[in-house]
Amino acid sequence: QHQDGHSHLLALPVPNLMAYDPAYAYEIAVIIHDGLHRMYEKQEDIFYYITLGNEPYAMPKMPEGVEEGIRKGFYRLKPAEATNGKPRVQLFGSGAILREVLRAQGILAEKFGVLSDVWSVTSYKELRRNALTTDRWNRLHPTEPARASYLMQQLEGSEGPIVAASDYMQALPDLLAPWLGKRLHSLGTDGFGRCDSRAALRRHFEVDAESIAVTALHALAEEGKLDASKVAEAIKTLDIDPDKIDPIKA
């Protein structure tokens, strides 16, 4: 069942609301620990909104050194396994769709020879808040060396276009577009809520691994790093229907 594509956008206007969309138990643990520390120990006037899912899947061990990234909203979960000059993309995933992004990473590497780094986005709101704060500091301190937002610090040196997929409206990852310095290709669940299996809904809203992979290949073709015929081939190989109705109208 899919009825909520907008709650993280509705969280934006509330300044003291911390909004997170975790995928794994260790992400949830870090966020809750942070909430207890800030709300109870430090007595900060804030509160938390955390979206949780009920899909059964294995919970991995927390990678070393990702706690700060979880709190700030962004960390590299799984870099590409090779660095051999092949085309490369950056894949953003969060919450219920992060595992689809990881599956897309495998499809791209195994079927199409494209490398990708997977990033877990635990909070688009926190990333945007930090970017706005950084912009304000730079604007009011014009003679000082410019600061870089946390997002740009993490992405420094990364290669290729960016594809972001979530279980929310495309407008959610679009919040980061002004700070990326490159085209952002957003995938989300714009359209009417409906009931079906997870696999069917993800295919319907075009946020499943196959749709993410095709979007990544299209992004590379737009930059001239891949022939458009390869994208057309992938659409057939991955059983994507290019003529189905746009989910926003379905």
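Mind checking which residues of the range 186-228 are small (Gly, Ala, Ser) and in contact with a helix residue (DSSP H, G or I) (Cβ under 9 Å, 6 or more places away or on another chain)?
The answer is 186, 188, 191, 209, 211, 213, 216, 221, 228.
When the residues of the range 59-86 are filtered to those that are of a type in the set (A, V, I, L, M, F, W, C) and more than 14 Å from the chain's Cα centre (by Cα), which remaining residue is nearest to residue 149 (Cα to Cα)? Walk me through how you get there before you give the answer.
If we filter the range 59-86 for residues that are of a type in the set (A, V, I, L, M, F, W, C), which is where we start, we get 59, 62, 66, 70, 74, 77, 80, 82.
From what's left, more than 14 Å from the chain's Cα centre (by Cα): 59, 62, 66, 80, 82.
Values: 59: 30, 62: 24, 66: 17, 80: 24, 82: 28 Å.
The residue in question is 66.
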*Residues located in the range 195-250, provided they are out of contact with any strand residue (DSSP E or B) (no Cβ under 8 Å at 6 or more places or on another chain), open to solvent by 70 Å² or more (accessible area, probe 1.4 Å) and within 20 Å of residue 117 (Cα to Cα)*: 222, 223, 225
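Within the range 33-52, which residues are in a loop (DSSP other than H, G, I, E, B) and open to solvent by 100 Å² or more (accessible area, probe 1.4 Å)?
Within the range 33-52, 42, 43, 45, 52 qualify.
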*Tell me which residues, restricted to the range 196-219, are without any contact (Cβ under 8 Å) to a residue 24 or more places away in the chain and part of a helix (DSSP H, G or I).*
199, 200, 203
*Tell me, yes or no, whether the range 143-152 has at least one residue that is open to solvent by 80 Å² or more (accessible area, probe 1.4 Å), charged (D, E, K, R) and at pLDDT 95 or above.*
yes
_Given the criterion part of a loop (DSSP other than H, G, I, E, B), in contact (Cβ under 8 Å) with a residue 40 or more places away in the chain and of a type outside the set (A, V, I, L, M, F, W, C), identify the matching residue among 81, 55._
55
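Any idea which residue in the range 64-78 is most open to solvent (accessible area, probe 1.4 Å), counting only those that are of a type outside the set (A, V, I, L, M) and touching a residue at least 40 places away in the same chain (Cβ under 8 Å)? Reasoning before the result, please.
To start, the set of residues in the range 64-78 that are of a type outside the set (A, V, I, L, M) comprises 64-65, 67-69, 71-76, 78.
Next, from what is left, pick out any that are touching a residue at least 40 places away in the same chain (Cβ under 8 Å): 69, 71-76, 78.
Working: 69: 4, 71: 94, 72: 83, 73: 0, 74: 0, 75: 9, 76: 119, 78: 85 Å².
My answer is 76.
Is it true that some residue in the range 185-201 is within 15 Å of the chain's Cα centre (by Cα), more than 30 Å from residue 249 (Cβ to Cβ), modelled with pLDDT of 95 or more and among the hydrophobic types (A, V, I, L, M, F, W, C)? So that I can check it myself, show each step before the final result.
Here is the first cut: in the range 185-201, the ones within 15 Å of the chain's Cα centre (by Cα) are 185-189.
After this cut, where a residue has to be more than 30 Å from residue 249 (Cβ to Cβ) as well, the list is none.
No, the conditions are met nowhere in the range 185-201.
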*Test for residue 93: is it under 9 Å from the mean Cα position of the chain (by Cα) and either open to solvent by less than 20 Å² (accessible area, probe 1.4 Å) or at pLDDT 95 or above (or both)*: yes
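The values are calculated or read from the model by the stated rules, or taken from the named source; none is laboratory data. Not measured: the values here are computed from a predicted model. Quick reminder, even Gly has a Cβ in these numbers, built from the backbone with ideal geometry, and neighbours come from all protein chains shown. Quick note on the areas: whole protein, heavy atoms, side chains included, nothing else; ligands and nucleic acids left out. Shrake-Rupley method; radii C 1.70, N 1.55, O 1.52, S 1.80 Å.
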